[in-house]
Structures are given as C-alpha cells and as structure tokens.
Amino acid sequence: MTSSRSAIRTVQDPLLMEARILIVDDQEANTRLLESLLRRSGYTSLKTTTDPREVLGLYAEFTPDLILLDLVMPGLDGFGVMEALRGLVPAGTYLPVLVLTADITPEAKQRALASGAKDFLTKPFDPTEVLLRIRNLLETRWLHLKLQDRNRLLEAKVSARTEDLEEAQIEILERLALAAEYRDDLTGRHTQRVGQHAGVLARALGLADDQVTLIRRAATLHDVGKIVIPDYLLLKPVNLGPEEFEVLKAHTTIGARILSGSRFPLLQMAAEIALAHHERWDGKGYPEGLKGDAIPLPARIVAVVDAWREGEARNGIGGWWRCSPPPR
C-alpha cells in the first residue's frame with residue numbers, strides 16, 4: 001500500500017489529472033475498482049461502460065486520451081473494439097490503449113499489441129503498476145500532442161515564409177517588367193493592363209484558376225526583352241523602317257533568353273509568352289512564323305490583348321505599338 005500511495009503522489013501534472021480516460025470492462029466491479037483508483041490518484045475526467053458496443057459513441061462524444069480495455073467481453077470483444085476504433089481515430093493520432101485482461105496467454109498479448117494496444121497487463125493487476133503504466137502512456141500522448149502542435153506551428157511559419165518569398169519574387173518580376181516598359185511608356189501601365197486583361201481573357205476561355213493566375217502574372221513580362229533595344233528605336237516618334245524593325249523584333253528572342261531556364265512555372269510561361277506573343281494565327285508573325293495552334297495558348301492570349309491595347313496606343317496612349325510591322 002505504501003508503494004501505491006507513493007505512485008499516487010507522483011501524479012502532480014494538472015494536464016495528466018485532466019486527462020480523459022475511458023474504462024471498458026463488462027464486469028461492473030472492475031470498472032468501479034479502476035474508477036476509484038484513478039479518482040484517488042487525482043484523475044477527474046473519467047467515463048466507464050460495461051457494454052463494449054458503446055465505445056464508438058463514447059469515443060466520438062468523450063474523445064478520450066487513454067482507453068483501459070478488457071479483452072474478453074460478450075457481444076464485442078476487445079479485439080473488435082480496437083478494430084472498430086482504427087476506422088475512427090485520425091491517421092497520425094497517438095491514442096493509447098492499455099489492455100487489462102485475465103487472459104494470460106502469450107498469444108493474447110501478442111494479438112492485443114498487434115491490434116493497436118500500447119501496453120498490456122494481466123488481472124489481477126497491481127494498482128501501483130497500473131497507475132505507472134497509465135502515467136507513462138499519458139505522458140507519451142502529451143509529448144505527441146506537443147510535437148503535433150509544434151509541427152503545425154512550423155508548417156504555418158514555413159507557409160508564411162513561402163508566401164513572403166513568392167510575393168517578393170512576383171514583385172521583383174513586376175518591377176523588371178516596369179523597367180522595360182518605362183523605356184517607351186512613361187505611364188508604366190501597359191504591362192499591368194496587359195496582365196489584367198490576359199487574366200480576364202484566360203478566365204473567359206475556361207482555364208483553371210491556377211492557369212489564370214500564371215497567365216495574368218507572366219503576361220506582364222511579355223516585353224521584357226526591350227530592355228536591350230536602343231532608345232532611339234523605342235523613342236522614335238514615327239514608324240520604323242524595315243531594318244529598324246528587324247532590330248526591334250529581337251526583343252522577343254532576347255526576352256525569352258532572359259526568362260528561360262527557370263524551374264518555376266511562372267518564369268517558364270513568361271519565357272514562352274515573351275518569345276511568341278508576336279506570332280500570328282496566319283503564320284505571318286515573328287520570330288518563328290508559327291501558325292494556328294502551334295502558337296502556345298498563353299502567347300495567343302497575350303497577342304490578342306496586346307493587339308487590342310495597340311489599337312488604343314495608335315490613338316495616342318503610348319508608343320509601344322511600334323512592335324507591329326511597318327506599313328508595306
């Protein structure tokens with residue numbers, strides 16, 4: 001009895017004393033004995049049942065931290081209870097089951113542990129040993145819960161950090177697009193408008209949300225190759241001559257080279273758009289003279305939007321319409 005009192009006094013952690021413990025035994029005398037032992041030890045949240053068929057309902061209602069389970073019971077034995085619980089307990093959850101049974105055969109112990117029990121004691125049991133086993137199992141459960149909480153916190157931090165990095169990358173790309181655009185469009189709004197309108201058109205075509213977002217962002221980089229085009233061509237107030245236009249056409253291949261080779265889908269699509277956004281359905285575009293469906297869909301979308309914006313530019317909004325072929 002002295003050792004039992006000593007074990008009882010070791011239970012000081014409030015979390016342990018608040019642990020929800022479910023006792024399942026078809027003999028009411030056994031459930032009363034265990035409940036009395038646990039309450040004297042400081043545990044306050046207990047439920048008992050002598051009908052193993054009630055366990056699933058009690059699990060959903062009570063959400064126990066530990067189950068004390070008899071094996072040999074009428075109607076549904078302890079093995080059946082553990083099998084049924086396996087379908088309810090979420091994956092990755094540590095729910096300790098301590099089997100207390102009069103079946104002392106090695107086969108029963110091996111089968112119980114293989115069925116999901118975390119520990120095994122035979123009846124008649126020693127109260128001190130029962131309390132120590134219960135405390136050890138609960139401490140393991142708390143450590144597991146703390147680890148889960150920590151993992152969730154770390155995942156949240158990683159997710160937030162990833163979002164910050166993605167936002168920074170997108171901002172850098174937007175500023176790169178603006179750097180090219182400011183060379184011949186002092187408003188700096190053409191790239192943003194092309195991106196917005198390309199997203200609207202992509203959505204109207206029924207593309208998935210992630211593709212719409214990619215096109216909207218990638219489209220802003222369609223003219224990034226203009227960074228290396230001489231100012232006198234970009235700022236020339238009249239139509240370009242054939243030779244000058246050949247120089248300007250290089251902004252497509254230069255832009256594609258600047259953006260190519262990335263492992264990120266956004267830059268991969270941006271490179272594709274930069275290269276092909278001046279191709280034409282009839283094959284008379286540049287730089288490769290692609291025709292029809294051979295032109296990637298994102299580039300076709302941007303080509304339509306860019307042509308529409310070009311019409312506005314011809315009415316005095318900007319000067320980037322000079323990427324169109326000179327009059328013949």
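Here are the numbers for the structure shown:
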quantity	calculated
Number of positions in the stretch 289-311 that are assigned to a loop (DSSP other than H, G, I, E, B) and either modelled with pLDDT under 90 or exposed (fewer than 15 other Cβ atoms within 10 Å of the Cβ) (or both)	2
Complete set of residues in the stretch 140-162 that are surrounded by 14 or more Cβ atoms within 10 Å (Cβ to Cβ) and either among the charged types (D, E, K, R) or more than 33 Å from the chain's Cα centre (by Cα) (or both)	Arg141
Contacts under 7 angstrom Cβ, first residue in the stretch 269-297 being in the same structural domain as Phe245 (by TED's automatic domain parsing), partner assigned to a helix (DSSP H, G or I) and surrounded by fewer than 17 Cβ atoms within 10 Å (Cβ to Cβ), 6 or more apart	Leu275/Thr253; Trp281/Gly292; Pro287/Thr253
Unique residue being closer than 18 Å to Leu22 by Cα and at pLDDT below 90 when the list is Phe79, Phe125	Phe125
Scan of the stretch 100-130 for residues that are closer than 25 Å to Tyr43 by Cα and assigned to a helix (DSSP H, G or I), ordered by number	Pro127, Thr128, Glu129, Val130
Filter pass, Thr140 being assigned by TED's automatic domain parsing to the domain that holds Leu56 and not in a loop (DSSP other than H, G, I, E, B)	yes
Which numbered condition Ser3 misses (of (1) within 19 Å of Phe125 (Cα to Cα); (2) buried (at least 17 other Cβ atoms within 10 Å of the Cβ); (3) out of contact with any Gly (no Cβ under 9 Å at 6 or more places or on another chain); (4) at pLDDT below 95)	(2)
Scan of the stretch 245-273 for residues that are out of contact with any His (no Cβ under 8 Å at 6 or more places or on another chain), surrounded by 17 or more Cβ atoms within 10 Å (Cβ to Cβ) and either at pLDDT below 90 or of a type in the set (Val, Ile, Thr) (or both), ordered by number	Phe245, Leu248, Ile254, Ile258, Leu259, Leu266, Leu267
Members of the stretch 249-261 found to be of a type in the set (Gly, Ala, Ser) and either out of contact with any helix residue (DSSP H, G or I) (no Cβ under 6 Å at 6 or more places or on another chain) or assigned to a helix (DSSP H, G or I) (or both), listed by number	Ala250, Gly255, Ala256, Gly261
Tally of residues being crowded, with 17+ Cβ neighbours inside 10 Å and within 17 Å of Ala19 (Cβ to Cβ) across the stretch 48-61	3
Near pairs, Cβ below 6 angstrom, 6+ apart or cross-chain, from the stretch 202-229 (more than 23 Å from Thr253 (Cα to Cα)) to any residue that is of a type in the set (Lys, Arg)	Val212/Arg203
Lone unmet requirement of (1) at pLDDT below 90; (2) buried (at least 19 other Cβ atoms within 10 Å of the Cβ); (3) in a loop (DSSP other than H, G, I, E, B) for Glu279	(1)
Any chance Arg175 is of a type in the set (D, E, K, R) and surrounded by fewer than 18 Cβ atoms within 10 Å (Cβ to Cβ)	yes
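The values are calculated or read from the model by the stated rules, or taken from the named source; none is laboratory data. Given the structure is predicted, the values throughout are model-derived calculations rather than measurements. Using ideal geometry, Cβ is built from the backbone for each residue, glycine included, and neighbour counts are taken over all protein chains shown.
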